[in-house]
Each structure stands twice: as structure tokens, then as C-alpha cells.
Amino acid sequence: MESATGIKYEELKKVNYLKQLNHIIKKYFDGYRIFNGNYQTLNMEECYLFFRGQSNFSWKLEPVINRGEHNEAQILESVLVDHPEVEKEKAIAYAQHYGKPTRAIDFTSDLKVALYFACNQNPNEDGAVYIAGYIPHQNDWISSLTINLISQMKTDVISDINLAKVLMENEKYKSLYYMRSREDNLSFVCAEYSSFLNDGFMVVYDYAKEEVNNRMKLQKGSLFYCGSKYYVENEYYNDISCVTFEFPKYEIHLHEIKNPTWLKSLCVKVKIPKSMKKDILLMTGYTDEILGL
């Protein structure tokens, strides 16, 4: 079944929960792989499976920061002040796991972890597991660095070219950019970041290196970083072409976070009836303590 938003729906019935879910995965994602946290085995030409558990089926797939009024830059600044051990380039991930509202949406590569989060709260509500197939980005790529940099900028609105100038003033960004391109033209910089900044992207982590953010390791976590909105002459543009930036000139609202409509089209949402939650929770074998909650 498919909704008007493009999300495909399935529903668990009776028992054999994992068997049913594996059947759904085979139906929609046959041949996709599971990411095991090892960068060395990550094949960037293949799609991987990611899961998200929500304890209330009616909740939307959206970043928490879009629920209410929040100042993104101030939130990340406070996390960095309170936790000086956190690297600025990873500020969003740490803020997310400290329970702060961010532009990131939690996913995991472990289906049982997603099931745990779908069933450990709201016993009187149906739960949901999202299943998504995605070719992920890595946490040390230029895309992840860019999202973290712009999220900490106090500027709200900036032109595409001016954002390119600001990014190229960052030594780490410049180094990563030149690893990918030898072009100094700012239009190419705009094309580089706009290839992911508008739609957002999934990020995976090298769990062996996540000593500070231990929850990421314990929960086999991944994050979908939602993008920022683009405008031309005050008109919102949903789809951005990064082929040429000669015309039009875009205005980027850095902290106006775009809900992940493209991600939704890649997802299957599985309803978990509330009557099954207790049994599924026991079947996962997880507890709050095991997952670092």
C-alpha cells in the first residue's frame, strides 16, 4: 500500500515478527546489505538497509528541530561549551544523542534496535518501523563537515556564492574539497555542496572510533541529516539543479530545515500493533542499559 506522500506501508500480523519483517525486506529491498560499522568493508556502489523505530505510528518522519521554535546555532554552541571534548565537525551527532533538537533523524543498521525503540514506550499506541535503502555518506566526508559547519553559523540567510566563500575559508573544508576537485571556481563549490545540502543524506559512522559518543556505537546508529531550504526571489525551490549556477542565483535559508520528502519515497513504514509491543520488546533482547539510554 502506498500513501499520498509516497511512503509504502505494511503491517505486522500475528507472530514470527522477524520472519514477517525479513519477508517485507526481501519484497522491497532484495539484495541490499547491512552496514557493520567497518569503513573498510563499505562499498559505496551498493545500497544498505537502515531502520528507524517510532513508538507512535502517527508521528511524522521529520527532524525534532522542526517541531517548535528552536535556534539551531545556539543549541550546537551550548553542546560544544558543555562538552569541550566534542569536535565541531561532529556537533550535530553529539547534540542528537544528548537529547537536543537537531536537523538529524536517528536510524540504525540493527533491525532489533529499531524494534526496541518502536515498542519500549507508548504501550497504548501502535508503533512503527521505517525501513530505508540508501547509499550512505561517511562521517568524515565533505558533506558531513558542511552540514555541521552551516548548522553552527549564526547567519540565517546567505547567497549560494557567499556560502561558498565562507566554506572555502575553512581549512578542513578546503582540503576535502581539493581532494575531490581541482576547480577554484566558486560555482563549482556551490555545485559541490548543493548536491547534498538541499535533499539531505544518510551518514554512517566508524563505531570503533566513537569513544566519546558511545551511544552511537551501542545503538549501531546512523543519522539522516536534513537539508536547508533554497529560494529564488523569495520563492521556495524544492528541487535544485547543481549542473550550473550561472542562473538563477539561490538564496539559502541555512536554519530553515527541509523535511525529508525524498527520504520518505525510499522508505517502507511497517505498523506494529500495540497488542504486539510487549512480546516484540522481549524478543529484541535489548534494554535501556544495553543501549546506553
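Looking only at the stretch 181-214, count how many residues are open to solvent by 30 Å² or more (accessible area, probe 1.4 Å), under 30 Å from Glu289 (Cβ atoms) and without any contact (Cβ under 8 Å) to a residue 40 or more places away in the chain.
To start, the set of residues in the stretch 181-214 that are open to solvent by 30 Å² or more (accessible area, probe 1.4 Å) comprises 182-186, 188, 195, 199, 208-209, 211-212, 214.
With under 30 Å from Glu289 (Cβ atoms) added as a condition, the list becomes 208-209, 211-212, 214.
From the residues that got through so far, the ones that are without any contact (Cβ under 8 Å) to a residue 40 or more places away in the chain too are 209, 211.
Going through the stretch 181-214 one residue at a time, the tally reaches 2.
List pairs: first residue in the stretch 263-278 and more than 14 Å from Tyr9 (Cβ to Cβ), second residue in a helix (DSSP H, G or I) and of a type outside the set (Val, Ile, Thr) anywhere in the structure, Cβ distance under 6 angstrom, at least six positions apart or on different chains.
That search, which allows pairs on different chains as well, returns Lys277/Cys119.
Here are Leu186, Leu163: which of them is farther than 30 Å from Leu115 by Cα and modelled with pLDDT under 90?
Working: Leu163 fails: modelled with pLDDT under 90.
None of the others qualify; the one that does is Leu186.
Here's a check for you: in the stretch 102-137, which residue that is in a loop (DSSP other than H, G, I, E, B) and among the acidic types (Asp, Glu) is least open to solvent (accessible area, probe 1.4 Å)? Walk me through it before giving the result.
In the first step, residues of the stretch 102-137 are kept if they are in a loop (DSSP other than H, G, I, E, B); the result is 102-103, 109-110, 120-126, 135-136.
Next cut, among the acidic types (Asp, Glu) only: 110, 125-126.
Numbers: Asp110: 26, Glu125: 84, Asp126: 48 Å².
Step by step, filter the stretch 102-137, then rank; the result is Asp110.
When you scan the stretch 215-226, do you find a residue that is within 21 Å of the chain's Cα centre (by Cα), open to solvent by 70 Å² or more (accessible area, probe 1.4 Å), modelled with pLDDT of 90 or more and basic (Lys, Arg), even just one?
Our first condition is that a residue be within 21 Å of the chain's Cα centre (by Cα); within the stretch 215-226, this holds for 215-226.
Restricting the remaining residues to those that are open to solvent by 70 Å² or more (accessible area, probe 1.4 Å) gives 215, 220.
Among the residues that remain, those that are also modelled with pLDDT of 90 or more are: 220.
In the following step, the residues that additionally are basic (Lys, Arg) were identified as 220.
Looking through the stretch 215-226, at least one residue is within 21 Å of the chain's Cα centre (by Cα), open to solvent by 70 Å² or more (accessible area, probe 1.4 Å), modelled with pLDDT of 90 or more and basic (Lys, Arg).
Scan (1) more than 24 Å from the chain's Cα centre (by Cα); (2) free of Cβ contacts under 8 Å to residues at least 60 places away in the same chain for the single condition Tyr177 breaks and write down its number.
(1)
Kindly provide the set of residues from the stretch 146-177 that are open to solvent by less than 10 Å² (accessible area, probe 1.4 Å) and hydrophobic (A, V, I, L, M, F, W, C), ordered by number. Lay out the reasoning, then the answer.
Keep residues of the stretch 146-177 that are open to solvent by less than 10 Å² (accessible area, probe 1.4 Å), which gives 146-148, 150-151, 160, 163-164, 167, 173, 177.
Within the stretch 146-177, Ile147, Ile150, Leu163, Ala164, Leu167 qualify.
The values are calculated or read from the model by the stated rules, or taken from the named source; none is laboratory data. Note that the structure is predicted; figures quoted are calculated from it, not measured. All Cβ positions, glycine included, derive from the backbone under ideal geometry; neighbour counts span all protein chains shown. When the accessible area is computed, the model is the full protein with side chains, heavy atoms only, and any ligands, DNA or RNA have been set aside. Shrake-Rupley method; radii C 1.70, N 1.55, O 1.52, S 1.80 Å.
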